[in-house]
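Take a look at the following structure, please.
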Amino acid sequence: MLSNMVSTVDGRASIDGRSGPIAGPADRQLFHALRTPVDAVMAGAGTMRVERYGRIIRDEPRRRLRRERGLGEEPLACIVSRSLALPPDLPLLAEPEAHVVVLTPSDAKLPASAARVDYIRAASDGELDLPRALSELRSRFAVELLLCEGGPHLNCELLSAGLVDELFLSLSPKLAGGDPPDGEMLRIVAGREFEEPLELDLLGALEHDSHLFLRYGVSARERVSRATTSSSSLAS
């Protein structure tokens, strides 16, 4: 699994609740380039709501490139949600070409929409069993290469379960300042501390207009608890 995040130099993953003010043109190009070869793009429900997710591949040349590679025009759009609290006007759900897979411990369903919606229900003691959900995602929908776009709580759960192989981090040359509102951590990973810090291996680094684009391998995963993690901190 790949994870793609953006951060200011002082560690902020969002400004006014969104990542857009942090990103630059090159970061947005990388964002779309990473989506092009993958089988599925995943995000938590909170990220879907705030960022107003729409069609995953909007650019026709990128859709054509996927067809030439033997892929479908659109990656699966995977939503991790505990309670399916998604707005009915979410642009993604209004896309007839979209195929949405909801990973949830809930028995609830979303209202009817133009998009095709399937469910992976993987509950353990009422919470989402992420390893089991991702295993089913692979077996049912042939997802071999998965890209996660956050948010910070979902990143924590995935890293805690040893499910992330590579992290792409865009470091924006900005200082946002401020204190986290209501105790909310605005870093790229939020939630409980890992049992031990996760080690990262730098695989590549690029620079453009003072932005740094870092690619890390996530190593020492055996030192992180692989126990099923609670989804109560995930966006509902």
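The values are calculated or read from the model by the stated rules, or taken from the named source; none is laboratory data. Given the structure is predicted, the values throughout are model-derived calculations rather than measurements. When we count neighbours, we look across all protein chains shown, and the Cβ atoms used for this are built from the backbone with ideal geometry, even at glycine.
What is the number of the single condition among (1) of a type outside the set (S, T, N, Q); (2) modelled with pLDDT under 90; (3) surrounded by fewer than 19 Cβ atoms within 10 Å (Cβ to Cβ) that Leu234 does not meet?
(3)
Given (1) surrounded by fewer than 18 Cβ atoms within 10 Å (Cβ to Cβ); (2) aliphatic (A, V, I, L, M); (3) modelled with pLDDT under 95, where does Ala161 come up short, assuming only one miss?
Of the numbered conditions (1) surrounded by fewer than 18 Cβ atoms within 10 Å (Cβ to Cβ); (2) aliphatic (A, V, I, L, M); (3) modelled with pLDDT under 95, the odd one out for Ala161 is (1).
Name, by its number, the condition in (1) within 22 Å of Val164 (Cβ to Cβ); (2) out of contact with any helix residue (DSSP H, G or I) (no Cβ under 9 Å at 6 or more places or on another chain); (3) touching a residue at least 60 places away in the same chain (Cβ under 8 Å) that does not hold for Met42.
Condition (2) is where Met42 drops out.
Looking only at the range 24-43, filter to residues that are part of a loop (DSSP other than H, G, I, E, B) and in contact with a Leu (Cβ under 9 Å, 6 or more places away or on another chain); which one of those is surrounded by the most Cβ atoms within 10 Å (Cβ to Cβ)?
This residue is Val38.
Given the range 47-124, what strands (runs of 3 or more DSSP E) lie entirely inside it while holding 2 or more residues that are of a type outside the set (D, E, K, R), out of contact with any Lys or Arg (no Cβ under 9 Å at 6 or more places or on another chain) and in contact (Cβ under 8 Å) with a residue 24 or more places away in the chain?
Answer list for the range 47-124: 76-80.
Can you pull out every residue in the range 72-87 that is of a type outside the set (D, E, K, R) and either at positive phi or at pLDDT below 95 (or both)?
Correct list: Gly72, Ser83, Leu84, Ala85, Leu86, Pro87.
Working carefully through the options Leu203, Leu175, find the one that is at pLDDT below 95 and among the aliphatic types (A, V, I, L, M).
Within the list Leu203, Leu175, the selection yields Leu175.
For the range 126-163, name all the residues that are touching a residue at least 40 places away in the same chain (Cβ under 8 Å), assigned to a loop (DSSP other than H, G, I, E, B) and not β-branched (Val, Ile, Thr).
The answer is Asp129, Ala142, Glu144, Leu145, Glu149, Gly150, Gly151, Ala161, Gly162, Leu163.
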